[in-house]
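My structure is below; once you've seen it, I'll send some questions.
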Amino acid sequence: MSTAPSGPLFLGLDLSTQQLKAIIVNEDTTVIHESSVHFDNDLPSYGTINGAIRGPGKGEVTSPVAMWLDAIDLLFQRLKIAGVEVSKISAISGAGQQHGSVYWSKNAEFLLSSLDSTRSLVSQLSPAAFSLPNAPIWQDSSTTRECKELDEVVGGAQALADISGSRAYERFTGNQIAKIRRVNPEVYAATSAISLVSSFIPSVFIGRIVPVDISDASGMNLMDVITCKWSDILLNACGGPELRSKLGSEPVIGGTVLGKVSRYFVDKWGLSPDCVVAPFTGDNPASVIALAASGDAVLSLGTSTTFLLSIPGADTPPKRFITSHLLSHPTDLKGKIAMLCYKNGALAREQVRDRYSDRDWDRFNELVEATPPGNNGNFGMYFPLPEIIPPGVVGQHAFHVSENSTTPIAVDDLPADAHPRAILESQFLSIRCHIEAILPEHSLHLHHLVATGGSSANQTIRQIAAVCLCFLYTKDIFGVKVYVSSTKEAGGMGGALLAKYAWWKAARGGKGSFEDMTGGKITGLRCVAEPRREVTEAYEKLVHLYQALVIGAGPNLNLRISLDAKTYVKSDTLASARSRHLISFRYLSGAKAGHAMEAQSSFKHALPEEDVSESASKRSKPFDPMEPETNASVPPAESEGAADKPETTREKVTGDSEVGKEPEKGPQSKDKRARHRSKKDERKIGRRRRGTRNEEAIAEGAVVSDQPKAPRLPKRQSALLVGFCGSGYSGMQIQPDHSKTIEGILFQALVRVGAVSQDNADDPLKIGLARAARTDAGVHAAGNLVSLKMITTIPGVPDVVARINEELPPEIRLWGFVYRLQTRVQNSFNARLACDSRKYTYFFPTYLLIPPKPGSGLDRSLQQYAAAESPDATESSNIRTLHPFWTGVDLSSHEGELARKRAWRVSPEQVERLRVAAKRFEGTHNFHNFTIGRDFGDRSNQRHMKKIEIADPAVYGDTEWISVLFHGQSFMLHQIRKMISALVLSCRTETPEQIIDELYGPRTAFIPKMPSLGLLLEEPIYESYNNRVATTINAKLEPSHPDYRPPITFEPYREAINVFKQKYIYDNMRLVEDRNGLFDSWMRHLDAYSGTDLLYLNLKGIIPPQAIIKKNERRENPFREKKRFDATSFSVDDDAAKAVGDEDEEGLSLSKKDLADTEG
C-alpha cells in the first residue's frame, strides 16, 4: 500500500469451497487490500481437487478442517508481508460456504482457549479438537435416505418447507448430522458441538465455540425460519434430544459482538486486543448484504439464473414452497430473503441465440428490439435441462397467446425472429409470477434490481428485466430501475460490512439497524436500465396469461409440460404427499395444435414403501433449487464456476407415470403394479448396476439370464504413457459426436484386449478416463498420460503393453503403464489434476518471419494506421516494404514465391529478436487474450510459464525450420498456438516486444491461431507426485519390493519415443508442409486481411482503440479463422477446404466446464 489508511479497518473473510479470501475496507467501505489462499495451489499437501475430497462413500464430498486452519495462518502471513496494518482492524466478520459442518471433540473448548502463538493453528487443533477430521460440504449428496425420513416425520416436503423455509436437501446440515448419527454413532457420541463453516471461523478467532447466525441456520432444515429459533421436531428427527446441546444456544443475529480476538491472533499476527468478532453468515446472505438493501433484489444472470429478494419485515410472513427457499435475513429478525433458482439461464439463451440469431448477440438483440412487448402473441419456453421451476419440465414449447386464450402450437410454427424475445419474456415473467406468490400482501415497493453475472452486461436483456420485473412489490409500475455493481467479491464485501456493523452498533450501545448505518444505500451501483410506461402496460396483461399457463387456475395447482411436447400436465401440490409419495395428476390433452385443451380424468401413482432401491430414490427425489450447478452465491467464481468448480451429482426426475391412461382402482391395480415391477426387475438383471452382483439378485428371487457371465477381474487405478501423431484425428479426448479421436481408438483397443471389461465398454466415464493434456485436432504428442481404472492382469496375455499395441494403429503407441499409484485419496488419481507442468514444442518454417507482402491487405492497413497516427511515421513504416526478400521481384506474380520462401534463411538478429520477445512470456500472467471464451477478470486466466526456449534454426530438405519449447504449469484452449502467433507476427512486423505485456492487460484483442500442424506435446511432468513417492513409500524399499511405487516418467522409453517422433511426427509434419504449403497458406490468408483487428502490430507496441474488441459490439471487418489450419492430413486447396467445413470459427461459445475440459 502506498499510503497507510487512517481510521479503523474492517476485515471480511469468505471461506468458499476453493479458497479463503480477505477483503479489508475502511470506514467509507473503500477496499484497502485483498488477499487470498487457494487451497489446491497453496496447500497441495491436502490433496484436494477444487478444495474438496470425494469419497470414500458414494456421493460423499468433504474438505479437511485442518486445511482451513492452515489457510487462516497463511492468509495472515500474506497480509503481514503485504504491509497491511492489521493492528488497525477493529472488527472481523465474513461468509462461509453454506451447509458445511464441523464436528468438535470434547477437548475442543480447552484447546481453543489455550492456543500458543509460537505454534501454528493446525499443530494445536488438528486432529485433537475434532471428532471428524473432514467436514461434509455443500457438494455432498449422500443423504437421500435421511431426507426421505425427515419428510416422513414432518408430514411431507411442503410441511418441512413451511417450518424451515426449504424442503429436505441432501447437502443441508440437518440431514448430514442424521447420517453421521446413523452411520458413525461413535463419532456422533464423541462430538461435543457442531458448527457451520460460518460459525467455525469466528470460534477459532475468539477461542471458544460460538453460535450459528440466523441466516446460515436457514440452510440446515433445523431452524424455524419465521421465529429464528431451533425447531424441536426437526432437532429430534435429525439428531435426537442431544442435538440441541451440540448446536449450543439459539442462532444469533448479525451485528452481535461475539467477543474479542484471542491472544493467539494478538501475539502472533498483531491484531488489536480490542478487535471484535461478529457472527459470520452464509455466502448467499453475505452477497445480499453487499449488493441489496432491504426491499432490493439481486438477479444473477449466469449459467443458471438466481433471484435473491430481500424482503422487509412484515406482520404477515412470506409463503414457503418446495421449489424455492426462504432464508432469514442476517441483520433483521423479521426480514427474509426469498430465493429462486433456474437451471436454464444463459445456457438456454445461448441456444436460442445460436439457432435463431446466427450465433451473434448483436443479431439476437436486434430481433428482440424489432418485436413489440408481448411478442405479437408468440410465447415460448426453453428448457435444455430439466427445470427446477416448474419442476421437471424439459424441452422447447410454443404457444400463441390472445386476450382470452392460450393455444399450444408446434415450435416450428413460431416465427424464427420471435424466439429471442420469447425466451427473455418467459424467463423473467416466471420470476415475477413465482416471487409474487411468495410475497405477503401489501409489501413495500421494490427499490433496486441489481443484475450480476455474464448476461448482466447485455443492455437488451437488462431492459427486458426492468420492464418484466418492475411490478414486484408495488402497483407503481414506473419506479424500478436495473443496476449493476462494481463489487466483484460480494461474499467478502458482505462480511466486511457485517464487521463494520458490529463495531458501529457496539459504539452506540447496541442500538441501530444495519439500514441506519448504511442509510439504506448500497455503494458501487450504476443504473443501466429503467422501465418505460408504454412497455410496462403491455406486460400487465401478459402476466395474467402466463400465470394461467404455468401457475394454474387455482392456488394448489401447477401446470407442468410433460416430456411429450403434445401433452400438458397439471399436478396437485405436493403438500399432501406423505410417506407413500403419492403424486396426484390431472392432465390436459391437446392432440393437435389449435385445438382447445380439454380436462380429462385423473389418476394416482404411488411409489411403494418397500421400494427403497437406488433407482426408486432417484425417481422420488424432487428437483433441487440450490444444487451445486445452481448454487446462488452471487460472485461468479462460486456460482458459475465451471472452470473453477468440480462436476457434481445431478438430480433427475425420470417420471415412471404414463400420462393419459385411465386410473386403476382397487386390488387389481396393486396386482398390476406388482407385475409391472416384476417385469422391470427381470429387465434389470444382466445390466447390473455398478457394485451389485447377480448372486444378490438370485437371493432376492429375481430371474437371472442363463447366459454365463465373464469372471470379474480386479481393476487398478493406472496411468498409461502414450504417444501419437494427431494428423487425421479430431483431438485427444473422446467426443460425444463419435469423431475419430486418440482416446476413442485407445479405449476400443483396451476393450478388445480385455483391459476394460464388457460391463464398462459402453461408457469411458465408468473407468474414470482422464488425460494430462487435451490436445487440439491435429496436434501431436510424444508423451501424454491417461489415467483410468484398468484390468492389469489379463488371463492369457503375458505382455499387456505389446498386446494393446497390436490393436492400435502404428501412429498411436502405448509406451508403458504404471498401476501402483500412491494417492492421497483412494482411486482418485487424475492425470490432469496431478500433473505439475507440461512441455510443448512448436515447429514452424522460418519464412513466416518475412514481413507482409507489399500491397497486401495487412500491409496496407498497417501503413494507413501509421500514416494516420503520425505523418512522420509513414517513412519509417515503409522499412517493412524494403525487406530484401521483396525487392527486385514482380509483386503481382505468385509464381515461384513459395520456392523462394523455402530457400530464404532467417538472420541471427531476427532469431535473437524472437528470443527476447519470448522471454516476456515467462512468469505468471493473465493470458485472457491467448484463448477463447474468457474475460479479463476470470482468475483462471492466470497461468505460469516456467521457461520458453528457442532453438537454433535447422534446414530439412529445402526449408529452414525453428522450434520453440514451452514449459508451463498448464495451458488453456489454443493458448500455445496464439502465443507463438503473437511472437511470429510481432517479429515479422517489427512490433516492439512490449506488445506482449500489453496483451496481458484488460483490453481485449484478437490473436489468430497458428496451424495445429506444428504443435507437439513433449510430455507432462509429475515432479511432485514422484518426489512424494520417493520420500515416503519408496524411501526404504527396493524396486523389486511389492509395495514399491514406480515414478511416472517417460525416460525408460526415450529411445523408442525419439524414433517414433522422427518417423511419425517430424517426417509427417515436413511432408504435409512440403506437399501442401500449409504454413504458406496460413501466411497468405493472414496477409490478405485488411481490417483493424491486427493494428496492434505497430511500431509503438500498443493496442490502439481500433483494435480493441468490445463485448456485444459488432466489428465491421473481423478476422476470420479457417478450420483448414486445424487439420493436418489433407490438401488445403479450395475443394478440400470446403470438404472439411472451412468456416469462420470466431464466436465459438463454450461453457466454463467445456473450457476447463480443454485445458492441458
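The values are calculated or read from the model by the stated rules, or taken from the named source; none is laboratory data. Given the structure is predicted, the values throughout are model-derived calculations rather than measurements. Note: ideal-geometry Cβ built from the backbone for every residue, glycine included; neighbour counts use all protein chains shown.
Kindly indicate whether LEU150 is closer than 16 Å to ILE206 by Cα and touching a helix residue (DSSP H, G or I) at 6+ places or on another chain (Cβ under 8 Å). Don't jump to the end; show me each part of the working.
Details: closer than 16 Å to ILE206 by Cα: no; touching a helix residue (DSSP H, G or I) at 6+ places or on another chain (Cβ under 8 Å): yes.
Judged against the criteria, LEU150 is not a match.
What number goes with the only condition from (1) crowded, with 21+ Cβ neighbours inside 10 Å; (2) in contact with a His (Cβ under 9 Å, 6 or more places away or on another chain) that PRO854 does not pass?
Result: PRO854 fails condition (1) only.
Scan the range 1077-1114 for residues that are charged (D, E, K, R) and within 29 Å of the chain's Cα centre (by Cα) and report the count. Before the answer, list the steps.
At the first step, the residues of the range 1077-1114 found to be charged (D, E, K, R) are 1080, 1084, 1087, 1093, 1100, 1110-1111, 1113-1114.
From the residues that got through so far, the ones that are within 29 Å of the chain's Cα centre (by Cα) too are 1110-1111, 1113-1114.
So the count comes out to 4.
Quick one: PHE936 ticks every box in (1) in contact with a helix residue (DSSP H, G or I) (Cβ under 6 Å, 6 or more places away or on another chain); (2) within 30 Å of ILE1048 (Cβ to Cβ) except a single one, so which number is it?
It fails just one condition, (2).
Tell me which residues, restricted to the range 745-769, are over 23 Å from ALA834 (Cβ atoms) and not acidic (Asp, Glu).
ILE745, GLN748, ALA749, VAL751, ARG752, VAL753, GLY754, SER757, GLN758, ALA761
Report, by residue number, each residue of the range 252-261 that is surrounded by fewer than 24 Cβ atoms within 10 Å (Cβ to Cβ) and within 18 Å of SER195 (Cβ to Cβ). If you could, list the steps in order and put the result at the bottom.
Taking the range 252-261 and keeping what is surrounded by fewer than 24 Cβ atoms within 10 Å (Cβ to Cβ), we get 252-253, 256-261.
VAL252, ILE253, THR256, LEU258, GLY259, VAL261 - these are the residues of the range 252-261 that are surrounded by fewer than 24 Cβ atoms within 10 Å (Cβ to Cβ) and within 18 Å of SER195 (Cβ to Cβ).
One line per residue, one yes/no per condition, for (1) of a type in the set (A, V, I, L, M); (2) closer than 29 Å to ALA297 by Cα:
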residue	(1), (2)
PRO390	no, yes
VAL394	yes, yes
SER402	no, no
ALA437	yes, yes
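Return yes when GLY59 is assigned by TED's automatic domain parsing to the domain that holds LYS179, farther than 22 Å from ARG832 by Cβ, surrounded by fewer than 17 Cβ atoms within 10 Å (Cβ to Cβ) and touching a residue at least 24 places away in the same chain (Cβ under 8 Å) and no when it is not. Give the steps one after another, and end with the answer.
On the way: assigned by TED's automatic domain parsing to the domain that holds LYS179: yes; farther than 22 Å from ARG832 by Cβ: yes; surrounded by fewer than 17 Cβ atoms within 10 Å (Cβ to Cβ): yes; touching a residue at least 24 places away in the same chain (Cβ under 8 Å): yes.
Yes; evaluated as a whole, the condition is true for this residue.
Which pairs have Cβ atoms under 9 Å, sit 6 or more apart or on different chains, and link a residue in the range 318-333 that is over 27 Å from PRO390 (Cβ atoms) to one that is among the acidic types (Asp, Glu) and surrounded by 23 or more Cβ atoms within 10 Å (Cβ to Cβ)?
Matching pairs, first to second residue: PRO330/ASP213; PRO330/ASP216.
Which one is surrounded by the most Cβ atoms within 10 Å (Cβ to Cβ), of the residues in the range 26-43 that are at negative phi and assigned to a loop (DSSP other than H, G, I, E, B)? Walk me through how you get there before you give the answer.
Of the range 26-43, the ones at negative phi are 26-28, 30-43.
Among the residues that remain, those that are also assigned to a loop (DSSP other than H, G, I, E, B) are: 26-28, 30, 43.
Numbers: ASN26: 17, GLU27: 15, ASP28: 8, THR30: 10, LEU43: 20.
That would be LEU43.
Something else about it: Test of understanding: among LYS88, LYS106, LYS80, which residue is farther than 24 Å from ASN26 by Cβ and basic (Lys, Arg)? Break it down stepwise before answering.
On the way: LYS88 fails: farther than 24 Å from ASN26 by Cβ; LYS80 fails: farther than 24 Å from ASN26 by Cβ.
So the residue among LYS88, LYS106, LYS80 that is farther than 24 Å from ASN26 by Cβ and basic (Lys, Arg) is LYS106.
Could you please give the count of residues in the range 393-418 that are charged (D, E, K, R), closer than 18 Å to LEU367 by Cα and surrounded by fewer than 16 Cβ atoms within 10 Å (Cβ to Cβ)?
Kept after step one, since they are charged (D, E, K, R), are these residues of the range 393-418: 403, 412-413, 417.
Subsequent filtering for residues that are closer than 18 Å to LEU367 by Cα retains 412-413, 417.
Checking the rest, the ones that are also surrounded by fewer than 16 Cβ atoms within 10 Å (Cβ to Cβ) come to 412-413.
Adding up the residues that qualify gives 2.
Scan the range 348-365 and report the pairs whose first residue is at positive phi and whose second residue is of a type outside the set (A, V, I, L, M, F, W, C) and crowded, with 21+ Cβ neighbours inside 10 Å, with Cβ atoms within less than 8 Å and a gap of 6+ or a chain change.
The qualifying pairs are ARG359/ARG353.
Could you please give the count of residues in the range 747-799 that are buried (at least 24 other Cβ atoms within 10 Å of the Cβ), in contact (Cβ under 8 Å) with a residue 60 or more places away in the chain and over 30 Å from the mean Cα position of the chain (by Cα)?
Number of matching residues: 1.
Right, PHE399: of a type outside the set (A, V, I, L, M), within 20 Å of ILE461 (Cα to Cα), at pLDDT 85 or above and part of a strand (DSSP E or B) or not?
On the way: of a type outside the set (A, V, I, L, M): yes; within 20 Å of ILE461 (Cα to Cα): no; at pLDDT 85 or above: yes; part of a strand (DSSP E or B): yes.
No, not satisfied.
Rundown of residues vs (1) hydroxyl-bearing (Ser, Thr, Tyr); (2) at pLDDT 90 or above; (3) touching a Gly at 6+ places or on another chain (Cβ under 8 Å); (4) in the same structural domain as ALA193 (by TED's automatic domain parsing), yes/no style:
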position	(1), (2), (3), (4)
CYS228	no, yes, no, yes
LEU234	no, yes, yes, yes
SER245	yes, yes, no, yes
ASP267	no, yes, no, yes
GLY270	no, yes, no, yes
ALA290	no, no, yes, no
PRO312	no, no, yes, no
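Give me a count of the residues in the range 288-311 that are closer than 25 Å to ALA507 by Cα and not aliphatic (A, V, I, L, M).
Count: 1.
If I filter the range 829-848 for residues that are assigned to a loop (DSSP other than H, G, I, E, B), touching a helix residue (DSSP H, G or I) at 6+ places or on another chain (Cβ under 6 Å), surrounded by 16 or more Cβ atoms within 10 Å (Cβ to Cβ) and at pLDDT 90 or above, do I get at least one hit? Let's see the steps before the verdict.
Applying the first criterion (assigned to a loop (DSSP other than H, G, I, E, B)) to the range 829-848 yields 829-836.
Those still in the list that are touching a helix residue (DSSP H, G or I) at 6+ places or on another chain (Cβ under 6 Å) too: 834, 836.
Filter once more, so that each one left must be surrounded by 16 or more Cβ atoms within 10 Å (Cβ to Cβ): 834, 836.
Now narrow it down to the ones that are at pLDDT 90 or above: none.
Checked the range 829-848: no residue is assigned to a loop (DSSP other than H, G, I, E, B), touching a helix residue (DSSP H, G or I) at 6+ places or on another chain (Cβ under 6 Å), surrounded by 16 or more Cβ atoms within 10 Å (Cβ to Cβ) and at pLDDT 90 or above.
Based on what the data block shows, is ARG54 assigned by TED's automatic domain parsing to the domain that holds SER198 and at pLDDT below 90? Don't jump to the end; show me each part of the working.
On the way: assigned by TED's automatic domain parsing to the domain that holds SER198: yes; at pLDDT below 90: yes.
When the stated conditions are applied, ARG54 passes them.
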